[in-house]
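Worksheet: one structure, shown below.
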Amino acid sequence: MPRLLSGSLRAMPSKSASHRALVCAALARGESAVAPLQRSQDVEATLACLEGIGLARVSGTEPLSDGSGLVRCRLVGLGEQPTSMEGALRPRLAPCGESGSTLRFLMPLALDGGDPVRFEGAGRLLQRPLDAYRALFAEHCDGHRWADEPDAITICGRLRSGDFSLPGDVSSQFVSGLLFALPRLNGDSTIRLTGAVESRAYIDLTLAALARCGVEARWMDGRTLAVRGGQRARPGDFAVEGDWSHAAFYLVAGLIGGPVRLTGLDPNSVQGDRAVIDVLRGMGGDIRRESHSEGDAWVARPSALHGARIDASQIPDLIPALAVAACAARGRTVIHNAARLRIKESDRLAALRNELGALGAAIGERPDGLVIEGSGELRGGAARSHNDHRIAMALAVAAALCEGPLELAGDEAVRKSAPAFWDEYASLGGNSDARTVG
């Protein structure tokens, strides 16, 4: 019999908010603190790159007193001067690992007129699209050079303010990278998005993070952002909110088994993945916000789910969890506008079709999505994470639907974003011994 997950958890700090808080702290001259922080591989990559580029120095980390294993990180922003070493033979090194946010957030900031910066990537990182930056930097950068290697990209030059235009359906990370860099430049800038604007909530998350450190950028209309030049971020204490995209896995687990109770999630967050509540409720999920002495919680209870039509354009990171919910549901679920999932840590559409299909799901793949004929159960068997943290976590939750054991290869992939995942999973009653989950 499958092990159904139930119990209480505090949501882990948002990875998206963590990256943004660290960058904002680095842009402010002086010492800032960021907490709570989970030092996942992606967060470690951002810290290493901020130091490698010369934007900041990590002055220390200290565990929080609540026993959570989370830390407070102190950074010293090093100001606006470009880094240049007389007689330097090697570029500044920025080891990004597999973190797309790290790479795309920091590339515009590296164009400071100083020494070249070598952005090193692992896994599929450098296979992910960067042409939007390649074109923009060629147009808006003095002395620009861009050199591709199999495992790195080296760039240099000095970014100029001006009018920037890029497609609205590229990753929002390109827009966020420009929003971090442009306020530091002399002269005002605009960012114009053409076509449909996808993942707008991630852009709004960046705007909110900048506002907290005193930097203003704003929407002029639904497609154009105005950025005033000559601004300086101010140091301070940056609080990191709970992660809605990570919480989605446990909310789905609560609807399958449950109940699962999650604290530490802001109902008014600008995180786009807060929409998981509405999507799961639209599938028949019983999810309620409840007040307790230790604070508000979201509680997901066992529910008779039904199929739905899900537009992934604004919530791509939710699709692995929602695909499991679709398997738990009765009837057809159609997931569309999800083509960008093919260029994540894995081709997530193919990975979900292959692995959930291997477990017994009736699942088909389309160019921009999935079609799942839910039956409420899976048979179990062998599955692979595809070295993708969200695929690994989705399969762990799917184990609750399996009649037999689920043997998961590549369970260590969760370290990229959520190194505490298997401990959380076990605390809710899940089995994670010897890669057999359920």
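For segment 55-80, the set of residues classified as modelled with pLDDT under 95 and within 15 Å of VAL117 (Cβ to Cβ) consists of LEU78 only. Against the definition (part of a loop (DSSP other than H, G, I, E, B), in contact (Cβ under 8 Å) with a residue 40 or more places away in the chain and within 19 Å of the chain's Cα centre (by Cα)), how does ALA394 come out, yes or no? Criteria not met by ALA394. Restricting segment 383-438 to residues that are among the polar types (S, T, N, Q), within 21 Å of LEU70 (Cβ to Cβ) and out of contact with any Ser or Thr (no Cβ under 7 Å at 6 or more places or on another chain) leaves a set whose member that is surrounded by the fewest Cβ atoms within 10 Å (Cβ to Cβ) is SER427. Residue count for segment 32-64 satisfying the condition of being assigned to a strand (DSSP E or B) and surrounded by fewer than 17 Cβ atoms within 10 Å (Cβ to Cβ): 7.
Can you find a residue in segment 252-267 that is over 22 Å from ARG10 (Cβ atoms) and assigned to a helix (DSSP H, G or I)? The answer is no; no qualifying residue exists.
Each row is one residue, and each column tells you yes or no for (1) touching a Ser or Thr at 6+ places or on another chain (Cβ under 6 Å); (2) within 30 Å of ARG340 (Cα to Cα); (3) outside the structural domain of ALA211 (by TED's automatic domain parsing).
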{"site": "LEU255", "(1), (2), (3)": "yes, yes, yes"}
{"site": "SER269", "(1), (2), (3)": "no, yes, yes"}
{"site": "ARG274", "(1), (2), (3)": "no, yes, yes"}
{"site": "GLY285", "(1), (2), (3)": "yes, yes, yes"}
{"site": "ARG288", "(1), (2), (3)": "no, no, yes"}
{"site": "HIS292", "(1), (2), (3)": "no, no, yes"}
{"site": "VAL299", "(1), (2), (3)": "no, no, yes"}
{"site": "PRO302", "(1), (2), (3)": "no, no, yes"}
{"site": "GLY307", "(1), (2), (3)": "yes, yes, yes"}
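Could you tell me whether any residue of segment 239-259 is surrounded by fewer than 23 Cβ atoms within 10 Å (Cβ to Cβ), among the hydrophobic types (A, V, I, L, M, F, W, C), over 23 Å from GLU31 (Cα atoms) and out of contact with any Lys or Arg (no Cβ under 7 Å at 6 or more places or on another chain)? No, that holds for no residue.
Annotation note: of GLY381, GLY438, GLY430, the sole residue that is at pLDDT 95 or above and more than 24 Å from VAL279 (Cα to Cα) is GLY381.
How about segment 342-353: which of its residues are part of a helix (DSSP H, G or I) and in contact (Cβ under 8 Å) with a residue 12 or more places away in the chain? The answer is ILE343, ARG348, LEU349, ALA350, ALA351, LEU352, ARG353.
Selection of segment 285-341 for residues being of a type in the set (D, E, K, R), in a strand (DSSP E or B) and over 17 Å from LEU356 (Cα atoms) yields ASP286, ARG288, ARG289, GLU290, ASP296, ARG301, ARG309, ASP311. Helices (runs of 4 or more DSSP H) fully within segment 123-220 that include at least 2 residues being more than 28 Å from LYS416 (Cα to Cα): 131-140. THR154 meets the stated requirement of being hydroxyl-bearing (Ser, Thr, Tyr), touching a strand residue (DSSP E or B) at 6+ places or on another chain (Cβ under 8 Å) and in contact (Cβ under 8 Å) with a residue 60 or more places away in the chain. Screening ILE256 against (1) closer than 30 Å to GLY429 by Cβ; (2) among the β-branched types (Val, Ile, Thr); (3) in contact with a strand residue (DSSP E or B) (Cβ under 6 Å, 6 or more places away or on another chain) leaves a single unmet condition, (3).
In the condition set (1) closer than 14 Å to SER375 by Cα; (2) at pLDDT below 95, SER291 is compliant with all but (1).
The values are calculated or read from the model by the stated rules, or taken from the named source; none is laboratory data. These figures come from a predicted structure and were not determined experimentally. Methodologically, a virtual Cβ is constructed for each residue, glycine included, from the backbone with ideal geometry; neighbour enumeration extends over all protein chains shown.
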